[in-house]
Protein chains: 2
Amino acid sequence: MTEETTHRRSGGRAARQAARAHAHAQTVPFLTRKLAPFEVLSEEGLATIEANADTLLAEVGLEFLDDHALATFREAGADVTGTRVRFPRGMCRQIVQASAPRQFTQYARNPERNVQIGGDATVFAPAYGSPFVRDLDGGRRYGTIEDFRNFVKLAYSHPHMHHSGGTVCEPVNLPVNKRHFDMVEAHLRYSDKAFMGSVTRPDRAQDTVDMARIVFGAGFMEDHPVILSLCNANSPLVWDSLMLGAARTYAEANQAVLLTPFILAGAMAPVTAAATVTQTLAEALGGMAYVQLVRPGAPVVFGSFASSISMQSGAPTFGTPEPALVLYAMAALARRLGVPFRSGGSLCGSKIPDAQAAYESAATLQPTVLAGVNFVLHAAGWLEGGLTMGYEKFILDADQCGMMGTFVNGIDMSENGQAMDTLLTNGPSNHYLGTAHTLANFETAFYRSDIADNNSFEQWLDEGSLDAPARANRIWKKMLDEYQQPAMDEGTSEALAEYITRRKAEFPDSDT
Amino acid sequence: MTEETTHRRSGGRAARQAARAHAHAQTVPFLTRKLAPFEVLSEEGLATIEANADTLLAEVGLEFLDDHALATFREAGADVTGTRVRFPRGMCRQIVQASAPRQFTQYARNPERNVQIGGDATVFAPAYGSPFVRDLDGGRRYGTIEDFRNFVKLAYSHPHMHHSGGTVCEPVNLPVNKRHFDMVEAHLRYSDKAFMGSVTRPDRAQDTVDMARIVFGAGFMEDHPVILSLCNANSPLVWDSLMLGAARTYAEANQAVLLTPFILAGAMAPVTAAATVTQTLAEALGGMAYVQLVRPGAPVVFGSFASSISMQSGAPTFGTPEPALVLYAMAALARRLGVPFRSGGSLCGSKIPDAQAAYESAATLQPTVLAGVNFVLHAAGWLEGGLTMGYEKFILDADQCGMMGTFVNGIDMSENGQAMDTLLTNGPSNHYLGTAHTLANFETAFYRSDIADNNSFEQWLDEGSLDAPARANRIWKKMLDEYQQPAMDEGTSEALAEYITRRKAEFPDSDT
């Protein structure tokens, strides 16, 4: 199904306009890659990494700061001493391969926006977790729930974002212990794309599940994952109780969990790529094995967030070549394991959407797609090492995601693609602008960027010499102006509001 | 040999400083790729393209607007009618494969900067051919010979540029019919890296050869290519006498020729990728076959410059996904043919070094490297579809080229790379910043960008909130300030000057 169809059925003036604006682009609910992934390690190299990860899991093991996890692993046959769990070689892999799905569907409120997680699918979701937001008009400031809703609306309206994401920015103007209600509500009300749940505490994960049950139905959710949530390891080699508790809550509800070692190599792992890959594999295996023991068959995603640091200042760095190598290797290891893989995005260290931001983002996003990443968090908006969510950056990145959608289709070798008729009849010296073949393929011939300015220098001058962020600024404002909320059944809407009001009244506001 | 060694032996304060600044980076005279290229077409798809190109060469053929070429092809057995040459299937391929070298060395004035053209080597050269230059201080203006010399000096000083390039900008302040003397002189005097010669007329190509003979010796050049020159087809399907004459001049002197169909798909070729690839292959085969007939064994490079156009305005567009697909396919076809391949670069349509420029450049440079391109013209400086050479853009792009140098080494699977000792002894929760392994790998652990700002937001504010071009502006000025000319034997220097003075006096200035 095309994005155009999706938009039309889901209604809304903005959606229809977006559909028309992007009718030329091959927009789809998620990408289906037709190209084999790029490989940076041989089979032998990958097997060596796997053996090293097994050695690490057996000899050093992982810390699980969670009683349920310790008891679970003890029962499953691991060597548990205090909070340290050591795994017989191959144990985690066997547990994961015994029951974790190779791929699954995450269901969206609009079924035409369901996304496939795994296999040859790639799903783009907005950046996640920044306390700050930035736009050209107001500069950098703390995020609010209004910003949060804006980014949900932008991701909903944008034809190249497949997913609503999670903490698209921190709504810092709301109390820490209640903001998850407003965040989850925003995803459920202002978008109909698939979304991510709260993971900051197990009870907040439970609220997410309960709110989703109001919208999707408890029965439906028993065998249809509608929530995908991000649980990070505390690298090196530690899983804490908050993350494990959230993961357990989701797994028990048969909702999907993304288990991601978050590693700045040189700080949370050794400085070399092979060692970072080994450690990431070991940590992710432990996390995924736990989820499979909690509920065999619950959907899990193997995550890897790896970047480098400046060896001078210790500052995180992005878009450098080493994390790209790590990403390619991790994706290959996830394929060998047979689970969906999350990594990459449009990462950068730049404070502003300048050339540094774009080079670094491209140096992350292209490996992301060529490696065959299945779920791409941080695909749009990321600035300043994740501290800031940028309005203009979101628009600029999403345009690049659109280009990836064309790229992954590869070269059309159909008769129309080969175009031998026109090649054999056009003749030397004659241009192709007006040939029947060109006219027949006019609409879909090339990806059309809404942001790139390809006009003459003189025309560009006449139009105010705008740079790319200035053009992106106009686009996000227009998208928000034209946004129309997707319809929600009135009873559902009221029940959701009632749940939030009731739960918020049950305990006092707090900023922890 | 490392770039550090190269710099030290070649002398010069600037070179030594550059060596120190980049001692951390693994800088080398050219990249040696350790990763297998990314493929977008199957063997079957590539064979279909080859068959289609043969059909095009047999049924439509190519126009050769050059009597020598027509006579040469007639003698070789092609069907020549007027200026149209039709080739029996497989003829061009057989001619090329019979004598064209799979790879060759282009010799530089400094032998430690000799570059390998072909095989697993990738060589970065500056952008080529722009009438305008741009810097942050003066904006956009016509290029002068001073700008030309500046870019030669920057390419000489930059550790990630392997080659001096050719028309690094048009020296518009010099007469058209004599500026080649000053351009070639600049490459010979102000750099000791390999360079490109004039191709605008056969006699200018001969001047290039004669000037190079003064510096390298006529005997040496008989079996050592020191000039690589760019001859473009007039797509679709035409080779003109100026380009063919220049190619013949270089081939007769056993100097290297790059034969490049320059195609904006939709205008000079059909809009589809497969057809653009077919036409490019046919045109390049014809050009390379001619050079091999002129002098069997003369080094040739298979070139492809392909981009797209805006179907609304007809303006050229860059960094879109379709040209990336074409690039990958062309590189695979060149490998099958068994000749070195030139394509890609840091192409963009943006007028300024903003996020558009960077995204588009990255969307060209990454495929360039992953496809295994051997000679990368336009690797640094390109703006505005090639109309402008940017000082800041040059610095920004060259930094990306440096990152590619790290990327192509792949993942180090040595014992030190695997780092099992440190993984097994560091333990959970403990950071790696001070481990023996980190300290031992401190210098070479990660690529260090001179341009990226990874400092805190507050520090960045304190330092003036500079964007990437503002930082690049400081770098190129510092490099020019610290530039020191590589030594040249006094007799050679005088002979070169005498040649130029004499030749310039032989005919009046003209702007055609």
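The values are calculated or read from the model by the stated rules, or taken from the named source; none is laboratory data. Only a predicted model underlies this, so the values are computations on that prediction, with no experimental measurement involved. Neighbour counts run over all protein chains shown; Cβ positions are idealised from the backbone, glycine included. Accessible surface is based on the protein model in full, side chains and every heavy atom, while ligands, DNA and RNA are left aside. Shrake-Rupley method; radii C 1.70, N 1.55, O 1.52, S 1.80 Å.
Things worth noting here:
- In segment B:412-458, residue farthest from residue A:389 (Cα to Cα) [restricted to those that are of a type in the set (S, T, N, Q) and open to solvent by 80 Å² or more (accessible area, probe 1.4 Å)]: B:425
- Residue A:409 being facing chain B (nearest Cβ under 8 Å) and open to solvent by 10 Å² or more (accessible area, probe 1.4 Å): no
- Among the residues here, residue A:482 does not qualify as more than 8 Å from chain B (Cβ to nearest Cβ) and either exposed (fewer than 15 other Cβ atoms within 10 Å of the Cβ) or in contact with a Phe, Trp or Tyr (Cβ under 9 Å, 6 or more places away or on another chain) (or both).
- Any chance residue B:266 is open to solvent by less than 10 Å² (accessible area, probe 1.4 Å), within 14 Å of chain A (Cβ to nearest Cβ) and either modelled with pLDDT of 95 or more or more than 24 Å from residue B:320 (Cβ to Cβ) (or both): no
- Counted residues, segment B:251-267 - those being touching a strand residue (DSSP E or B) at 6+ places or on another chain (Cβ under 9 Å) and closer than 20 Å to residue B:223 by Cα: 6
- Segment A:95-109, residues that are assigned to a helix (DSSP H, G or I) and surrounded by 14 or more Cβ atoms within 10 Å (Cβ to Cβ): A:95, A:96, A:97, A:99
- Within segment A:317-349, tally of residues that are facing chain B (nearest Cβ under 7 Å) and either surrounded by fewer than 24 Cβ atoms within 10 Å (Cβ to Cβ) or not β-branched (Val, Ile, Thr) (or both): 6
- Taking segment B:64-83 as the range and being open to solvent by 30 Å² or more (accessible area, probe 1.4 Å) and within 31 Å of the chain's Cα centre (by Cα) as the test, the residues that pass are B:65, B:67, B:68.
- Scanning segment B:286-316 for residues that are of a type in the set (Ser, Thr, Tyr) and open to solvent by less than 10 Å² (accessible area, probe 1.4 Å) gives B:290, B:304, B:307, B:308.
- Among the candidates B:39, B:112, residue that is under 28 Å from residue A:321 (Cβ atoms), in contact (Cβ under 8 Å) with a residue 24 or more places away in the chain, open to solvent by 10 Å² or more (accessible area, probe 1.4 Å) and in a helix (DSSP H, G or I): B:112
- Options B:126, B:131; residue that is closer than 21 Å to residue B:166 by Cβ and either at pLDDT below 95 or touching a helix residue (DSSP H, G or I) at 6+ places or on another chain (Cβ under 6 Å) (or both): B:126
- Considering residues of segment B:156-178 that are surrounded by 21 or more Cβ atoms within 10 Å (Cβ to Cβ) and without any contact (Cβ under 8 Å) to a residue 40 or more places away in the chain only, the residue nearest to residue B:203 (Cα to Cα): B:167
- The single condition from (1) within 14 Å of chain B (Cβ to nearest Cβ); (2) closer than 21 Å to residue A:85 by Cβ that residue A:284 fails is (1).
- Residues in segment B:203-247 that are in a helix (DSSP H, G or I), open to solvent by 20 Å² or more (accessible area, probe 1.4 Å) and out of contact with any Leu (no Cβ under 8 Å at 6 or more places or on another chain): B:203, B:206, B:210, B:213, B:216, B:218, B:219, B:220, B:222, B:242, B:243.
- Test for residue B:500: is it β-branched (Val, Ile, Thr) and closer than 25 Å to residue B:380 by Cβ: no
- Every condition in (1) of a type outside the set (D, E, K, R); (2) facing another protein chain (nearest Cβ under 9 Å); (3) more than 30 Å from residue B:96 (Cβ to Cβ) is met by residue B:381 except one, and the failing one is (2).
- Candidate set from segment A:439-474 (those that are under 30 Å from residue A:421 (Cα atoms) and among the small types (Gly, Ala, Ser)); member that is farthest from the other protein chains (Cβ to nearest Cβ): A:440
- Matching helices (runs of 4 or more DSSP H) fully within segment B:395-512 where at least 3 residues are more than 28 Å from the chain's Cα centre (by Cα): B:415-418, B:420-426, B:436-440, B:457-462, B:490-505
- Residue B:276 being more than 10 Å from every other protein chain (Cβ to nearest Cβ), polar (S, T, N, Q) and either surrounded by 24 or more Cβ atoms within 10 Å (Cβ to Cβ) or without any contact (Cβ under 8 Å) to a residue 40 or more places away in the chain (or both): no
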